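Each remark here refers to the structure printed beneath this line.
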Ligand SMILES: Cc1ncc(C[n+]2csc(CCOP(=O)(O)OP(=O)(O)O)c2C)c(N)n1
Ligand code: SF4
């Protein structure tokens, strides 16, 4: 039998290598299910790093536990796969110790909003200069489809056969209410859109909150599906002014899935700047709230 020496796949791999994005990937292939939204998020993350010209040794990713928590294994950078719900405090500590690093915190909705939910208000109010990537599939993926803090009311899951009795949290609304200085929502099917928002978020000098809606194709066949995302997602209106906090809150209250940049306050001092007294409080818009 003739063995193909140069297959379609080899050709594609060469194409990707030439783009340079593989420089940010380890040789470890993701163990995620085929069709999982996390592949698209990963691609956009490495493209954003490439667009910003970040070197591998300038990046550190801290993650919790879950399918999302496996992310640092697949990215060629410093990484810390921590315990469940603790990516935010670990990322904060890394940033405070090594201010030269670009630091990411990564986790699922269970990790960031369930067991780790107590950390969100504090990173937002402190405004430590890290970027939080919340991979939200509204389900516990790794542990096989239990209800999470963002599962819709009444949805049947592997832990609630009669339907979820709890009202879900609203991540963007929460981040805004806690005072995050950069808040955006993305959807995992839009790699170009994610790359643009991620690039802005990473460049922001302060805490950036990224709510990324992503299908768990294995354990959620009804709520966050590719079909429903494609049909229902719409962009933030072009007239929206990201410096308008009240307009951002209003959009976050809208039950329809809107994606794009909700809020950006570049005038707010980061935790580090505050310690150094670099910018005066009068310059900070958030001190007016
Ligand atoms: C202290 C502790 N409690 C519970 C677990 C079990 N556990 C592991 S991952 C996980 C939830 C994963 O869901 P999510 O954070 O939404 O991430 P996903 O797998 O969907 O990416 C749970 C409950 C654990 N590892 N540690
Ligand atoms: S279980 Fe769900 S979240 Fe986990 S890898 Fe599979 S599709 Fe993705």
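Quick grid of which residues meet (1) at pLDDT 90 or above; (2) under 19 Å from the mean Cα position of the chain (by Cα); (3) part of a loop (DSSP other than H, G, I, E, B):
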position: 229; (1), (2), (3): yes, yes, no
position: 238; (1), (2), (3): yes, no, yes
position: 252; (1), (2), (3): yes, yes, no
position: 260; (1), (2), (3): yes, yes, no
position: 263; (1), (2), (3): yes, yes, no
position: 269; (1), (2), (3): yes, no, yes
position: 275; (1), (2), (3): no, no, no
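Identify, please: which residue in the range 45-67 is under 19 Å from residue 102 (Cα atoms) and within 16 Å of ligand 2 (Cβ to nearest atom) and is, among those, surrounded by the fewest Cβ atoms within 10 Å (Cβ to Cβ)?
Restricting attention to the range 45-67, the residues satisfying the condition of being under 19 Å from residue 102 (Cα atoms) are 45-64.
In the following step, the residues that additionally are within 16 Å of ligand 2 (Cβ to nearest atom) were identified as 45, 63-64.
Details: 45: 28, 63: 28, 64: 26.
Residue satisfying both the conditions and the ranking: 64.
Is there a residue in the range 51-63 that is at positive phi and within 16 Å of ligand 1 (Cβ to nearest atom)? There is no residue in the range 51-63 that is at positive phi and within 16 Å of ligand 1 (Cβ to nearest atom).
Residues of the range 147-185 that are within 16 Å of ligand 2 (Cβ to nearest atom) and either in contact with a helix residue (DSSP H, G or I) (Cβ under 8 Å, 6 or more places away or on another chain) or under 13 Å from residue 263 (Cβ atoms) (or both): 148, 149, 150.
Of the residues making up the range 23-32, those that are part of a helix (DSSP H, G or I) and either without any contact (Cβ under 8 Å) to a residue 24 or more places away in the chain or within 16 Å of ligand 1 (Cβ to nearest atom) (or both) number 0. For residue 230, the conditions (1) surrounded by 16 or more Cβ atoms within 10 Å (Cβ to Cβ); (2) in contact (Cβ under 8 Å) with a residue 40 or more places away in the chain; (3) farther than 30 Å from residue 98 by Cβ; (4) out of contact with any strand residue (DSSP E or B) (no Cβ under 6 Å at 6 or more places or on another chain) are fulfilled apart from (1).
Give the residue that is surrounded by the fewest Cβ atoms within 10 Å (Cβ to Cβ), with candidates limited to residues of the range 9-22 that are part of a helix (DSSP H, G or I) and touching a helix residue (DSSP H, G or I) at 6+ places or on another chain (Cβ under 7 Å). Walk me through how you get there before you give the answer.
Of the residues in the range 9-22, the ones part of a helix (DSSP H, G or I) are 9-19, 21-22.
Retained after the next criterion (residues that are touching a helix residue (DSSP H, G or I) at 6+ places or on another chain (Cβ under 7 Å)): 16, 21-22.
Values: 16: 13, 21: 17, 22: 15.
Looking at residues that are part of a helix (DSSP H, G or I) and touching a helix residue (DSSP H, G or I) at 6+ places or on another chain (Cβ under 7 Å), I get 16.
Checked against (1) assigned to a loop (DSSP other than H, G, I, E, B); (2) within 14 Å of ligand 2 (Cβ to nearest atom), residue 71 passes all but a single condition, namely (1). Quick check, is residue 35 on the phi > 0 side of the Ramachandran plot, within 16 Å of ligand 2 (Cβ to nearest atom) and in a loop (DSSP other than H, G, I, E, B)? Criteria met by residue 35. Being under 27 Å from residue 160 (Cβ atoms), out of contact with any helix residue (DSSP H, G or I) (no Cβ under 6 Å at 6 or more places or on another chain), modelled with pLDDT of 95 or more and surrounded by fewer than 20 Cβ atoms within 10 Å (Cβ to Cβ) is a condition met by at least one residue of the range 135-143.
Out of 141, 93, report the one residue that is under 26 Å from residue 173 (Cα atoms) and within 16 Å of ligand 2 (Cβ to nearest atom). Walk me through how you get there before you give the answer.
Numbers: 93 fails: within 16 Å of ligand 2 (Cβ to nearest atom).
It is 141.
The values are calculated or read from the model by the stated rules, or taken from the named source; none is laboratory data. Please read all numbers here as calculations on a predicted model, not as lab measurements. As a convention, Cβ positions derive from the backbone with ideal geometry for all residues, glycine included, and neighbour counts pool all protein chains shown.
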